[in-house]
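Rule-based calculations on the coordinates, nothing more; no lab input. Just so you know, these numbers come straight off a predicted model, no measurement behind them. Neighbour counts are summed over all protein chains in view; Cβ atoms, including those assigned to glycine, are modelled from backbone coordinates with ideal geometry.
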């Protein structure tokens, strides 16, 4: 079991990675609680994950004398909404959750975003723990403290920075994922690789089969390496004030626009993959990188069987309209994370709209 610690200013997150960790969850939790053991825990999960694991997790936590309250939400992005956040607030109020109690997120990025947002805003912030059950959450969304819900105006527009006190990552969860969700989750790992090092890009290229095959020797390394990268970037810029953390939006600017325009019918990771290809093409167009690097990025995404072309059912005008509503817009300009090379991300707010239009049009099927 790997034990990593990251800090977001004065707050720290203990990260435990280990195969089968969910079966001995009391062990890491006893370390995390320290002298503030909660009386009450609200376990938030979705219908699919809850049916598979909630009974096991509740049993493990109750053995530690916690009162556990279960709240199950529907699967999918639609659960990240004001209405469901309000339902969770009512649950917390009815069961008299106080400042020493804990919200527990068992699931993927949707569950952790929703549960984390509720924890961030209940009594101005109570503790929460993440147990990621998807690759996407396990290599990225579980760490960093970004919590949010969606409103009709856009994705993740209402949110707060609120780091979890612990992440308990068990790669065994990934074995219950369907093939599409396995592939989608790997987009964030490819993102981290191109943002940080040639060596990590090569590691992905050399381990495609093992990663897609959910090899028990490969998965813990995949999770641990990604969370170390994410943790280091978050520590350097916990609230996105210096621009360092903003590099994690590589592929997300156009990716989020695609996701919104698809009505969230596409997986987040699928949209990030398309967004990274677009960012690579824009980087090439601006003379920041050679065509070979953009092709290498696209080639690796293809090997993971991720989409690298934008559906032609999505119009360029709609994608541009969604871009203008992106929360990363500064002074009316969309901020793009581009590449000058592997491990050399740059942020540009002066990308001509015509260049974006040409690239998006060229990538539509």
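Some notes on this structure:
- Considering only alpha-carbon pairs that sit under 8 angstrom and 6 or more positions apart, the relative contact order computed for the chain is 15 percent.
- The ranking of 194, 97, 264 by Cβ neighbour count inside 10 Å, starting from the fewest, reads 264, 97, 194.
- Taking the average, over residues, of other Cβ atoms within 10 Å as the packing measure, peptides 11-19, 76-84 rank 11-19, 76-84 from highest down.
- The order of 348, 22, going from fewest to most other C-beta atoms within 10 Å of their C-beta, is 348, 22.
- Computed from Cα atoms, the angle from the helix 252-261 axis to the main principal axis of the chain rounds to 80 degrees.
- Calculated translational diffusion coefficient of the chain (37 °C, 0.692 mPa s; Stokes-Einstein with Kirkwood radius over alpha-carbon pairs) equals 159 µm²/s.
- Rel. contact order, % - alpha carbon contacts under 8 angstrom, at least six apart, the stretch 1-131: 23 percent
- Residue 209-residue 302 FRET efficiency (beta carbon distance; Förster radius 22 Å; 0.05 resolution): 0.95
- Label-reachable residues, the stretch 39-58, where backbone N falls under 19 Å from a point 7 Å from residue 172's Cα toward its Cβ: 49-58
- Between residue 23 and residue 295, residue separation times 0.36 nm minus the direct Cα-Cα distance comes to 93.7 nm.
- Whole-Å distance, taken between Cα centres, linking the stretch 14-49 and the stretch 320-365: 39 Å
- Averaging Cα coordinates gives a centre for the stretch 135-161 and one for the stretch 200-245; these two points are 18 Å apart.
- Efficiency of FRET from Cβ geometry, residue 358 and residue 99, R₀ 41 Å, rounded to 0.05: 0.20
- Label zone at residue 11 (point 7 Å along Cα-to-Cβ), backbone N below 16 Å, the stretch 126-150: 126-131, 141-149
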